């Protein structure tokens, strides 16, 4: 014990002084004992920005890629899908993460600046509606009920207002922050208009807040990516959603086959054509696509279906040509 | 005979013996309450440090500075905050390079050159006092609106350093002025009497005498910059970056921002890493603060 | 410790003529004066440093006792030990016995707060609280929990007793800091009187004042002596000669080890001390041949 | 050293020539340029805040901004009433003040009036270190340590939310204790000894000296310390962003709700990159300008109080 304490203290002291030495080392990265493959060593920057939902995928890709190309600096910002496109369409970034397809207005902006791009579907997600473990009544909610809860100016503050058979339990709502594609997607699918939502819920870019908030309140309800549910399956209860064809629980299978309606969605990565001219960007995207299974696994998303993979491969081949 | 005395003598012709020492419960309670106030303040400090150390214990080792941050939950075990440490070093070193010369030069102007009866010099002083109280996030807005966008330096190391420099400038100026003011007038007069110019007097007599005070102020100002996160949130530091900056125009992240990012991650492993990074940050700050206090105590001259 | 006073310098110059004729009061007034305060072999220490050594003296009731001597001779230290103001200085300690009406001041069971109500003090520099004139006077009665039927009357009486009423009666609610130095000092005396002490200690009460203000305070002291026992420390020999009944002369002596201690040289009726001192040192001091 | 210098300096050419020295002029100019940096900073802040703010008020009525009780600029149904942010800010700062003022002043009285010199010499630097702890650390502490305890011990069934104003206020209170304590202690220490002696000589107890003489005498300095603490709390960002959340829509009616303050709104909205010059983007500047005006007023007040205090005693 004493030995470990001393060891740690020594380590910590060393840390304080080593930090100084680190600047001298510059970008030397001890964590990557270089790929050592035959691949040529590239360098430069790859700027990724956009959706905080897709962010984990790109971060995982960047992480994995660093083991192969230590000198390429991949930065991943999480400005939100909209924010990401804003930067993307003025050429500030090379790659834009998006949890929804590009909007027409954004397309127009990209066109105006002459930014050409390719759209790649990299993973699937199922927006999951979660409630407290002690919630015994909400097994399945219809889209209409969800809309009643989430629509603008909704006055629902108690579960029994959703369905008279539900108990008298105050409702606490947690949802995605307004910057996120998740918010855009959820509001579009449930409330019928993107960005239209009641406003008196706890919005957060930090899904942990939703997990903690729903865990801490019996009447809590929230929504976020399927990943986060899986991470916290022991703390939360998943709600089935009835999109008109009966109650379906989100899962890898229902997300892949699209039966989890309307909240299953694909996740996108947009690549700028101009940026593909840079060898490191091309190489990174190349890597991203070739290792998509591992990236998705690391980020704990729903993997692509065989069909989607074929499409991706085709898209990629298209890119290679251009 | 005055009425007061009459009253006294009427009551007690031979003065009554002194009363016994009284136990005043109010006094004791008051003292205890005061001690409690101090105790609570320090208890929080202790709780904060102990909690961070306890929570980050398993991650307090070489991984912290040898490894890069990760985006993969499966790799948290082998992740660290190296890019945040190097980012912090870049930003703070630049902040020192910008803010210290500027701050000390301003202080020299205000103490040694300026005619303090002039309205513009008084305004200068008032301006600095006010600037010292401007919220740090407002400096972030300045950086976002002016330096990153209008001047176009973008979300880079140099933007962060300029913003943090402006943020701590008042602190540097105020501390340096105090240090200069503590140098007795007689030294200046002696120097002038020997035919020295104003700058010679300042550079060769006043400045050397004021250096310990200035060093203390400088360290405290930089330690403030080191822990500052609010303006950098607006300046792109939140980005996931797993490489060390290598130029003024590199993108970057810093230790406080990295902590902020880690806190937001859902997995407990990230929280542990956040706690370990907090211990590292507190350790650096403690070293800096101790150095400042030692310098102050060691060189504090009583003229 | 007292701060050096500019008057110190004056003391070393050739002596001004003694004003023995100005002594208006004498101890030989036929009244038997009970000792109020008795000092037996008093030494005062600051940490390890013995500032005053072996003082024996007694102060009689309803008299003015003056403590004189060069600066650093320990007279203020002795004065401050009389109401335990020394308690407030960390490391200060009194050896020997000081008795107040036969009761030991430094006995464990004595309440220093109660003691200071009985033995008030006026300081070298006027130190009115940054409050109104009225509140300055009312402060003492309030903190000591005196049963006061009418505070206004009490304030008025204290100000009258301190010969300040006519000057301030229209501005009782104004800040005491607006008064002149002499007025401030009389306010401090009034403030002290308001808690009805038996003894008033005065530590060079006029050293910060001009001669006119000094005159007023001296007249006041003489009047107050009818009702109060007064002990005054003064640098000004003429003042001691003018107002006091008895005078104690202190000086600083260097012991074998080369350390300075304050010592009581002579304690006599004021008339006697100034006209026919018993000790050479006293004579040298009062005639200005000191040092 | 003086002798050394004089030997080298006396034969200096400039002295004998007795004409203007370009070197000296250059140095003075450089010093002035450095001094102007701080003025430029203020001008930069004012310009970068208020130019977009004017533009903002060209599109949103200033009356709506200050009177409407909904703040939803980032939603489809947009409302621009800043009151929710303002009220959340006031909740947090009020809680912080309620905690920091007694603790800070109590600690200051103890340090100034009761503690031995040695104790004070040790405790005051510790207090200063406490003041130097980064606010992100306080935020972490509030969310992961204080909040579970608070929720655990909460007496009623209506438990505080996962992020709430109360815990942010408590953490912020702890954060400003050192500021309040340190500056109040400075003010109390500056009260002349003679006042304390005068009070003791009037049979005051230590408590009476402290509360009736020292504290009133140092009051403007103490109030300045509180005002400065208040201003710091108002402008603090990380604690509220982490511990109080980003809910902006409605005026928070209870401190156990989560809500965004002015600063956390700016941080939250500015973090996700809003389209430049859109109305949403301008809200950052409008809220920033509001915050700036508030803290500026408090700072001016604090500076005035300190000056008043100095006039009396220094």
Cα-based helix-to-principal-axis angle, A:306-321 vs chain A, degrees rounded to 10:
40
By the mean-Cβ-within-10 Å protection proxy, highest first, D:113-121, B:136-144 rank as B:136-144, D:113-121
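Take every DSSP beta bridge with both residues inside region C:143-291 and express the antiparallel ones as a percent of the total, to the nearest 5.
The answer is about 65 percent antiparallel.
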Cα gyration tensor shape for chain B, rounded if a/c is under 1.5, else prolate or oblate
oblate
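What FRET efficiency comes out for the pair residue B:77/residue B:247, r = Cβ-Cβ distance, R0 = 51 Å, nearest 0.05?
0.95
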Protection-proxy order for peptides C:226-234, A:285-293, A:111-119, each taking the mean of Cβ atoms within 10 Å per residue, highest first:
C:226-234, A:285-293, A:111-119
If each of residue C:56 and residue B:39 carries a label point 7 Å out from its Cα toward its Cβ, how far apart are those two points in nm?
5.0
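Under the rule of -39500 (n - 2.57) per DSSP H run of 4 or more residues, summed and divided by the residues of chain C, what mean residue ellipticity at 222 nm is obtained, to the nearest 500 deg cm²/dmol?
Rounded to the nearest 500, it is -9000 deg cm²/dmol.
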Once you have all Cα-Cα distances for region D:102-313, histogram them in 5 Å bins from zero and send the whole-percent values.
1, 7, 12, 14, 15, 14, 12, 10, 7, 4, 2, 1, 0, 0
Spacing of the two label points (7 Å from each Cα toward its C-beta) at residue B:116 and residue D:39, in nm
1.8
Partner shielding of C:120-130, as the mean number of partner chain Cβ atoms within 10 Å, equals 5
Can you tell me the alpha carbon radius of gyration of the protein assembly as shown divided by the globular rule-of-thumb value 2.2 N^0.38 Å?
1.16
Shielding by partners, peptide A:75-85 (average Cβ within 10 angstrom, other chains)
6
Note on chain C: alpha-carbon gyration tensor, axes a ≥ b ≥ c; rule is a/c under 1.5 for rounded, else prolate if a/b larger than b/c, else oblate; result prolate
Measure off 7 Å from each Cα along the Cα-to-Cβ vector at residue C:253 and residue A:188, then give the distance between these two points in nanometres to one decimal.
10.3
Average partner chain C-beta neighbours within 10 Å, per residue of B:68-78?
6
Would you please give the FRET efficiency between residue A:136 and residue B:150, computed as 1/(1 + (r/R0)^6) with r the Cβ-Cβ distance and R0 = 56 Å, to the nearest 0.05?
0.45
Kindly identify region A:128-262 as rounded, prolate or oblate by the Cα gyration tensor criterion: order the square roots of the eigenvalues as a ≥ b ≥ c, call it rounded if a/c is under 1.5, otherwise compare a/b with b/c, prolate if a/b is larger, else oblate.
rounded
Kindly list the residues of region D:103-135 that lie in the label zone of residue D:193, defined by a backbone N under 18 Å from the point 7 Å along the Cα-to-C-beta vector.
D:111-121
Taking R0 as 25 Å, what FRET efficiency do you get between residue B:24 and residue C:166 from their Cβ-Cβ distance, rounded to the nearest 0.05?
0.05
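Kindly work out what percent of the DSSP beta bridges joining two residues of chain A are antiparallel, to the nearest 5.
60
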How many percent of DSSP beta bridges within the protein assembly as shown run antiparallel, rounded to 5?
60
Which residues in region D:278-314 have a backbone N closer than 20 Å to a point placed 7 Å from the Cα of residue C:174 along the Cα-to-Cβ line?
D:312-313
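Where a number appears in this text, it was derived from the coordinates with a stated rule and is not lab data. None of the values given here were measured: they were computed from a predicted structure. Virtual Cβ from ideal backbone geometry, glycine too; neighbours counted across all protein chains shown.
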